[in-house]
Amino acid sequence: MSDANKDNDEADEDKNKPIYTVWHGYNVVLTENCHPSEMRKRESTTPPLNEAAAFSNNTTQRTAVRRSSGKLEDYGWLRQLDLRNDVPTIDEIRDWKFDVLQFEDTVLIQVFIKLLEYYNLLETFNLDRDTLARYANEVMNLHHKDCYYQKVDIEQKDEEVDEEKEIEKEEEEKDNSKSDIILCEYHNWYHAMSCVHTSFLFLTLGGADEYLNPIDLFCIIFGALIHDLDHPGTNSDFEVKRSTSLAKLYDNDAVLERHSINMGLSMCQKNPELDCLKPFKEKEKEYIAHYVGESVLATDPARHGGIVKGALEFVEKGAQNYQQQSSSTTGESDSSEASYFDRSNPKHRQFIGRLILHSADISNPVQSSFDVAADWAIRVVTEFTRQAEKEKQLQLPVTEFMDGLDSKYKISKLQIGFFNFMVKPLFHTIGILFPKLKMLEEWGVKNNLQYQAVIDEHDLEQKVRESMDMKEGRVFEHYDGDKQVKEVEESVYRKSSGF
Ligand SMILES: [Zn+2]
C-alpha cells in the first residue's frame, strides 16, 4: 500500500469515528459518518426547501400523489389514496378522525408548525418559523421513504400512468437490489407525524396539557417528531445481533432511540440554518435535552413494562389522595375527580411526556377507523417480514413474531396478541389517568373484533373442510383401514382439483 493510500485510509477512518460532544448538558454523539445507513449513498429525495411553496396555501395541483401497494402483497388492507396537498385547518387536525396518511409529505411540515402555533409556542419562546420549517424538512428527509409513495402526472391517462409506473417500479426494484436502498413502510415520516399528531391530541383533547408547562408541550411535540429519526426499518435488536458500530456506540441499549435523539439534537448544533432551538435560554436548552431524551427513550419497547407500572402507581396514589380528600370534607360529598398529577412536580411532568410518547407510538390499533388501523398494520408487517428475511440471509436468529406473516389470518393473530398484551393494559390505565381518553381502549376493542372476524372465518372454513373430509371418510367405514385412507385421500384430491 502506498503512503498516499494509507493516508487516505486513515483519513477515512477518522471520518468514520464518532465525535463526542455535549449539547447543553446532554451527551451527544455526532454520528453522521458511523451509522450503516449513512454509509450508503443517501439520495436526496427532496430539493432544498422552497419556503414559498412550503408555506403556500395554493391548492393548484400539478401532480397527484398516490399510494399504491405496487407488487407487494397487502391483503387488501392498504388503502389506495389520492393525497391532499392543501393545508388542513386546526379544527380538522384537532379531531381523532384526522389521518396523516391522507396528505402529501410536505404538507405535514406545516401541520407540525400549526400544532406549535396552537399552543402559542413560537411567540412564547420567540422561535423562528422559517428555521422550524427547515428543521422539520430536514427531519422529513432523514426518514427513509416507503415503497408506496409516488408522484404521478395527472394529465396522463390512467393506463399510461400505470404502464409508466410499472416500468419505473421495475427499474427501482433493480436499483434497490443493487444499492440496498432502505425502504421503511412503517418507520417513515408519516409515522413520525402520526406520533406528533396523536401526542398533540393527548395534550389538547385528552387534557394532559393541564398538567404541563409550555416548554413541556414543546418537548413532547418536538420529541415525537424526531423519535424515529433515521430509522433503518429494522429494530434495535437487529443492530445488537449484528454487533454494528451503532450497537457498540450505545452499549446495546435502546440503540435506535439513542441514535434518533442524538441526530435530532446534534442537527441544531451542526448547522445554524437548522438550529430551531437557538432562541431558548441556556437553562431551557438543558431542560429540553433532558425532557426530550427521556421521552424518546420511553419509545423503546423494552421500557414498556416500566411505563405501565409507573402509570399504575400514579393511579394508586391518585386514588389514595382522592379518598383522603373525600374523608376530610365534612357532610357534603366531594364531586371533584381524582387528580393524579401535580403540575408543580417536574417528575410528574416528565412522566407525562414519557407516557404520551410511548402511547402515541403504539396507538395504531386504537384508531377510530379500522381502515386506518389496518393500513398501519400492513405497513408494520411489511417491515417485520423484510427483517425476518434479512435475518435468514445473514444466518442470524430469526425474530419469531416477524416471520411467516403471509396471510390475513396470521396478521390478525399478531394484531390481537399485540393489542391484548401491550396496547390494552396501557390504554386502560391511560383512560383512568385521563378520562377524556377512555374511548381509545374501546376503539381498540372494536378494531380487535374485526381481526377476530378474520380468524373466525378462517377457523370456520378449516372446520368445514375437516368435517367434509371426515364425512366422506365415514362413508367407507366398513372397508378395511388401508382402503379407507385411500378413499379419504381421493375425496380430498377431488375437492382440491375442483371435482
Ligand atoms: Zn415510533
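What follows draws every value from the coordinates through simple rules; no lab data is involved. Everything numeric here is computed off the predicted structure, so don't read it as measured data. Every residue, glycine as well, gets a Cβ built from its backbone with ideal geometry; the counts of neighbours run over all protein chains shown.
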Problem - In nm, spacing of pseudo-spin labels at K97 and R84 (7 Å Cα→C-beta vector) - result: 1.1 nm
Handout entry: Extended-chain gain in nm, criterion 0.36 nm per residue less alpha-carbon gap, T399 and L449
Key = 15.3 nm
Problem - Calculated from backbone phi, Karplus (6.51, -1.76, 1.60) coupling profile of region 419-433 in Hz, x at Gly/Pro - result: 5, 5, 8, 10, 6, 4, x, 5, 6, 5, 5, 4, x, 7, 5
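Within the set K248/K270; K97/K270; K114/K424; K309/K413, which residue pairs have Cα atoms separated by over 29 Å?
K97/K270; K114/K424
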Practice task
Please order V240, V380 by the number of other Cβ within 10 Å, starting at the fewest.
Solution key: V240, V380
Exercise for the section: Could you run the Karplus curve 6.51 cos²θ - 1.76 cosθ + 1.60 with θ = phi - 60° over region 449-455 and give me ³J(HN,Hα) per residue in whole Hz, x for Gly and Pro? Expected result: 4, 5, 5, 4, 4, 5, 5
Handout entry: Residue order, fewest to most surrounding Cβ atoms within 10 angstrom, among F314, F238
Key = F314, F238
Fill in the blank from the handout: Rounded to the nearest Å, the spacing of the alpha-carbon centers of region 346-395 and region 184-210 is 12 Å
Handout entry: Paramagnetic reach from E284 in region 118-133 [backbone N under 11 Å; point 7 Å along Cα→Cβ]
Key = 121-128
Handout entry: Cα point-scatterer Debye curve for region 406-471, base-10 log of I(q)/I(0) at q = 0.13, 0.21, 0.23 Å⁻¹
Key = -0.47, -0.83, -0.91
Handout entry: For region 338-459: rounded, prolate or oblate by the Cα gyration tensor [a/c cutoff 1.5]
Key = oblate
Handout entry: Residues whose placed amide H lies under 5 Å from that of R84, excluding near-sequence neighbours
Key = F103, E104
Practice task
Would you mind ranking D228, D209, D105 so that the residue whose beta carbon has the fewest other beta carbons within 10 Å leads the list?
Solution key: D209, D105, D228
